[in-house]
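Working notes, beginning with the structure itself.
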Amino acid sequence: MTLVASQAAAGRNLGPQARHSLDRLGELAAVLAARGLATKIVTPAGRLPRLHATNPAVPRLCEDVYAACGPDGSGWFWWPWAERIAPDDDVPAAAAAVAKVLRLDGRALDDIDGPLSRRSSISGRSMLLATPEVQGTPGSGHSTGPR
C-alpha cells in the first residue's frame, strides 16, 4: 500500500528539486509496494520529501529513503545517514537494496529475531543483533535488557 502525505497535496508549492525527489520516491514506492512493503511518502514543510517503507510482517523493520542530487549533480536514492543506495534512475536496484534491508529476501522471521550471536549485514557492514532478553556480561558493552 502506498500513501502520500497530504501536505504536498494541500497546495504547497514545491520547487523543482523537491518535485523531482517526489517523482522518484513515488516510482520507488510503487515498486516496493508491489514487493509487499507498506510505503508512505512524507513531505514535511521545509525539508526534502522522504519515503517511509515498512515490512508489514515485522513493523519494526522500517526505513526512510530520500531522493536527492549528490555533490556532482547526479540524482541518487539515499539512506537517512547520507549513504547512497542507487542512482535515482535505477529504481529496481534501489528497491532491491531496500527490500533486502527490510528482510524481503526470503529469510525466515526466526532468522531475523535470533539471539545475540546472530549477525546482520546491512549495506555491506556486519553488526550484531541484540535482543532485550539476552543478558550481557559485565564490561562487555552489551545491553543487559531494556532500559
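Summary of computed values
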| quantity | calculated |
| --- | --- |
| Flag if Pro44 is touching a helix residue (DSSP H, G or I) at 6+ places or on another chain (Cβ under 9 Å), exposed (fewer than 13 other Cβ atoms within 10 Å of the Cβ) and either more than 18 Å from Val101 (Cα to Cα) or in the same structural domain as Leu102 (by TED's automatic domain parsing) (or both) | yes |
| Yes/no for Leu51 being within 13 Å of the chain's Cα centre (by Cα) and either buried (at least 17 other Cβ atoms within 10 Å of the Cβ) or in a loop (DSSP other than H, G, I, E, B) (or both) | yes |
| From the options Val98, Val58, Val65, residue that is part of a helix (DSSP H, G or I) and β-branched (Val, Ile, Thr) | Val98 |
| Only one of Ala30, Ala38, Ala10, Ala18 that is modelled with pLDDT under 85 and surrounded by 13 or more Cβ atoms within 10 Å (Cβ to Cβ) | Ala18 |
| Pairs with Cβ under 9 Å, 6+ apart, first in the stretch 65-91 and among the hydroxyl-bearing types (Ser, Thr, Tyr), second surrounded by fewer than 17 Cβ atoms within 10 Å (Cβ to Cβ) and not in a loop (DSSP other than H, G, I, E, B) | Ser74/Pro87 |
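The values are calculated or read from the model by the stated rules, or taken from the named source; none is laboratory data. It should be emphasised that the depicted structure is a prediction, and the values quoted were computed from it without experimental measurement. Methodologically, a virtual Cβ is constructed for each residue, glycine included, from the backbone with ideal geometry; neighbour enumeration extends over all protein chains shown.
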